[in-house]
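Only the coordinates and a few stated rules stand behind these numbers; no lab work does. Note that this is a predicted model, so its numbers are computed, not measured. Note that each Cβ is placed from the backbone with ideal geometry, even for glycine, and that neighbours are counted across all protein chains shown.
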Amino acid sequence: MRKEIIYLIMNIIGVLALLGSTLFVIIMWSQIPDQIPTHYNFAGEADGYGGKGSLIFMMVLAWFVFILITVLMRFPNTWNMPVKVTAENKARLYSITKAMLEVIKMLVSLLFAVMLINAAIATPMPRFILIALIAAMLLSIIMGIFMMYKNR
């Protein structure tokens with residue numbers, strides 16, 4: 001029960017981040033420059049540019065990824081696991097993987113939200129936020145795989 005509440009909170013954070021950034025873009029549309037950053041390097045500096053219509057693609061992609069992960073989480077038998085799934089370890093492994101995917105889904109949503117807002121206002125990505133979100137995603141994956149090996 002406690003895990004489900006935590007998952008619900010992470011989903012709410014993800015949805016609010018995507019909803020907030022989507023509303024921001026819609027409300028600010030007339031003030032968004034015609035040329036916006038469409039790609040950032042690891043330092044957070046823009047290294048690719050496009051028209052402001054690119055924001056629509058980014059918004060659709062952000063929501064698509066969120067929904068795709070949500071749907072895929074309902075089909076654990078389709079997940080590619082790093083260890084052999086047996087009747088004895090199935091529940092443990094699926095629980096670990098679900099937790100890992102919930103965290104990644106929330107972090108990806110936050111990353112998309114930051115990218116959308118920064119692209120809309122044509123500013124560099126805050127390096128600290130970019131590094132923190134990517135590091136948190138990598139750490140979740142590493143911890144998840146470690147836990148799967150430990151609980152196989």
Exercise. Given the conditions (1) surrounded by fewer than 17 Cβ atoms within 10 Å (Cβ to Cβ); (2) over 19 Å from the mean Cα position of the chain (by Cα); (3) not in a helix (DSSP H, G or I), report the number of the one that Phe146 does not fulfil.
Key: (3)
Exercise. Of the conditions (1) part of a strand (DSSP E or B); (2) in contact with a Phe, Trp or Tyr (Cβ under 9 Å, 6 or more places away or on another chain); (3) not charged (D, E, K, R), Met58 clears all except one; give me its number.
Key: (1)
Self-check item: Options Met106, Met125; residue that is in contact (Cβ under 8 Å) with a residue 12 or more places away in the chain, surrounded by 15 or more Cβ atoms within 10 Å (Cβ to Cβ), assigned to a loop (DSSP other than H, G, I, E, B) and not polar (S, T, N, Q)
Solution: Met125
Self-check item: Condition check for Thr97: within 28 Å of Val114 (Cβ to Cβ) and buried (at least 16 other Cβ atoms within 10 Å of the Cβ)
Solution: yes
Quiz item: Scanning for something free of Cβ contacts under 8 Å to residues at least 24 places away in the same chain, farther than 18 Å from Met10 by Cβ and either part of a helix (DSSP H, G or I) or out of contact with any helix residue (DSSP H, G or I) (no Cβ under 8 Å at 6 or more places or on another chain) (or both), does the range 133-140 turn up at least one residue?
Solution: no
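State all residues of the range 27-55 that are part of a helix (DSSP H, G or I) and exposed (fewer than 11 other Cβ atoms within 10 Å of the Cβ); if no residue qualifies, say none. It would help to see each step written out before you state the result.
Our first condition is that a residue be part of a helix (DSSP H, G or I); within the range 27-55, this holds for 27-31, 54-55.
Correct list: Ile27, Ser30, Gln31.
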